[in-house]
Amino acid sequence: MVKAVLFDLDDTLFDHRGCARDALAAVQGCHDRFRSMPFDALERAHAGFLEELHAQVMLGRMPLEAARIERFRRLLAAMDVPSSEGLAARIAITYRDTYRTARRAVAGAPALLAAIKPFARIAIVSNNLLEEQQEKLRTCGLDGFVDALVVSEEAGTSKPDPTIFRVALDRLHAWPGNAVMVGDSWAADVVGARRAGIRAIWFNPDEAFAPVGEAPVPELRALEPVDAALRMILDSNRD
Ligand SMILES: [Mg+2]
């Protein structure tokens, strides 16, 4: 039976996408150009800049605060809004304040971790900043269930590098054969776990298609009902 469960945090246990949508809806009210744009298009454009700049922050090439403002400066520029640094900074504050207020777990996450806890140790493996992820765990009431929080900022390595998964296993005193990794990103979570010799479960609430040519893995469509998710996770290393 599984003795160590590794979880991704953003969009697996923590509802990053929901919080980002709430924050972007608030941003949409900040400028006429945003208001005239379909929300989906705004979301796509924002997500692209977020991804680009998150990578820069993770590589230590840009401070987090500067990246938050730069994201909206680029978004304004992409919409031909003559932007001032001040406007981008004000929008960044609106986004951040709304995001923080909206912080919430994915439905079923606290109950699932509580159900796993008597059977297995739990680690979070996340490509993000330590303080940011600690706050999310606390705000969502998940911190009491987590035995180890391994973030790329602290570990000095990111998923899908197998090293970060090995750090998590070490902290849980576990080994690949009695561990499982649950995460929503095929490229980071499924591929990374496999490279580390750990079985993976793909959290796939959108019912997306797996990449062509990749060996299939069990898919979890929701964390609820908790009993079904618990069985899939704990029984995942039985052939
Ligand atoms: Mg994720």
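Once phi is turned into ³J(HN,Hα) by the Karplus curve 6.51 cos²θ - 1.76 cosθ + 1.60 with θ = phi - 60°, what whole-Hz value does each residue of segment 12-25 show in order, with x for glycine and proline?
With coefficients 6.51, -1.76 and 1.60, one gets 10, 9, 9, 7, 4, 5, x, 5, 5, 5, 4, 5, 6, 4 Hz.
Scan around M181 for amide H atoms under 5 Å from its own, H built in the peptide plane at 1.01 Å from N, and keep only partners 5 or more places away or cross-chain.
Amide H neighbours of M181: L6, R199, A200, I201.
For the chain, what is the percent of antiparallel DSSP beta bridges, rounded to the nearest 5? Don't jump to the answer; show the numbers that get you there.
On the way: 1 of 20 bridges.
So the antiparallel bridges amount to about 5 percent of the total.
Among 43-55, 173-185, how do they line up from the highest to the lowest mean number of other beta-carbon atoms within 10 Å?
On the way: 43-55: 15.6, 173-185: 20.7.
Taking the mean over residues of other Cβ atoms within 10 Å, the ranking is 173-185, 43-55.
Report the local net charge at H173: Lys and Arg +1, Asp and Glu -1, summed over other residues whose C-beta lies under 15 Å from its C-beta.
Working: positive: K3, R121, R166, R171; negative: D147, D170.
Local charge sum for H173: +2.
For A208 and R171, calculate 0.36 nm times their separation in residues minus their Cα-Cα distance, and state this gained length in nm to one decimal.
Numbers: separation 37, 0.36 × 37 = 13.32 nm, distance 3.22 nm.
Gain in length upon complete extension: 10.1 nm.
Regarding the chain, what are the three Cα extents along the principal axes, ordered largest first, in Å?
59, 39, 34
Ranked by accessible surface with a 1.4 Å probe, highest first, in what order do K117, K3 come?
On the way: K117 70, K3 110 Å².
Putting K117, K3 in descending order of accessible area: K3, K117.
Of all the accessible heavy-atom surface of the chain, with the other protein chains kept in place and a 1.4 Å probe, what percent is carbon and sulfur? Display every interim value, and only then the final one.
On the way: 5930 of 11250 Å².
In the chain, the share of accessible area belonging to carbon and sulfur is 53 percent.
Per residue, what accessible area does the chain have, given a 1.4 Å probe and all protein chains present, in Å²? Before the final figure, lay out the partial values.
On the way: 11250 Å² over 239 residues.
On a per-residue basis, 47 Å².
Sum -39500 (n - 2.57) across every DSSP H segment of at least 4 residues in the chain, then divide by the residue count to get the 222 nm mean residue ellipticity, nearest 500. Write down the numbers at each step before the final one.
Working: 11 runs with 116 residues, N = 239.
Helix contribution divided over all residues of the chain: -14500 deg cm²/dmol.
The values are calculated or read from the model by the stated rules, or taken from the named source; none is laboratory data. Note that the structure is predicted; figures quoted are calculated from it, not measured. Heads up, the Cβs are rebuilt from the backbone with ideal geometry, glycines too, and the neighbour counts pull from every protein chain shown. Note: areas computed on protein heavy atoms with side chains; ligands, DNA, RNA excluded. Shrake-Rupley method; radii C 1.70, N 1.55, O 1.52, S 1.80 Å.
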